[in-house]
Amino acid sequence: MRAVDTNILVRFYLRDDPAQGRIAESVLSAGDVFVPKTVILELEWVLRYVADQPANKVIECLAHLIALPGVTVEDRDEVDAALAYCRDGIDFADALHLAASGECSELLTFDDRGYARRAKKLRLEPPVRVPKR
């Protein structure tokens, strides 16, 4: 099994470098590929904020990636859950943090009261809470 880095997946999905795109396609089509969840997190960020792709297209790319035959994704169930949360309006990074925290009693954050409100409205577990100051 071979692991891939984010840049392989970026070239595969953006096709902005034809030669590297062909190589990326051959790597992924050969199968027996491992994708760490950190690579998926970075891929989402690159597609959204560097390549300026719309959120729905990025979610489609990530869903496509984890469904590819011969591709093993680290903690696939967590990534799947994060994509579902993302479809419900949670930022992907926050969604992945939440999905990875499933065995915890709560997820604490200072950053975003909107995140905590959305997670509560969606009844996501564990609860997201902003600690009192």
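Overview of values
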{"item": "Accessible area in the full protein assembly, largest first, 1.4 Å probe, for Glu42, Glu103, Glu74", "result": "Glu103, Glu42, Glu74"}
{"item": "Whole-number Å³ per residue for the convex hull built on Cα positions in the chain", "result": "104 Å³"}
{"item": "Cα shape, region 53-112, gyration tensor, a/c 1.5 rule", "result": "oblate"}
{"item": "Probe 1.4 Å - accessible area at Val27, Å² to nearest ten", "result": "30 Å²"}
{"item": "Between helix 55-67 and the chain: long-axis angle, C-alpha atoms, 0 to 90°, nearest 10", "result": "70 degrees"}
{"item": "Shape call, region 1-63: gyration tensor on alpha carbons, a/c limit 1.5", "result": "oblate"}
{"item": "Using alpha-carbon coordinates, inclination of helix 18-30 to the longest axis of the chain, degrees", "result": "80 degrees"}
{"item": "Carbon + sulfur, % of accessible area of the chain - ligands and nucleic acids excluded, 1.4 Å", "result": "51 percent"}
{"item": "Accessible area in the full protein assembly, largest first, 1.4 Å probe, for Phe34, Phe12", "result": "Phe34, Phe12"}
{"item": "Accessible area expressed per residue, the chain, with surrounding protein chains retained (probe 1.4 Å, Å²)", "result": "59 Å²"}
{"item": "Computed accessible area, His64, all protein chains, 1.4 angstrom probe, square angstrom", "result": "90 Å²"}
{"item": "Shape metrics for region 85-133, restricted to C-alpha atoms - Rg then Dmax, Å", "result": "9.7, 31"}
{"item": "Accessible area in the full protein assembly, largest first, 1.4 Å probe, for Ile40, Ile8, Ile59", "result": "Ile8, Ile59, Ile40"}
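The values are calculated or read from the model by the stated rules, or taken from the named source; none is laboratory data. Everything quoted here is computed from the prediction, not taken from an experiment. Accessible surface areas use protein heavy atoms only, side chains included; no ligands, DNA or RNA. Shrake-Rupley method; radii C 1.70, N 1.55, O 1.52, S 1.80 Å.
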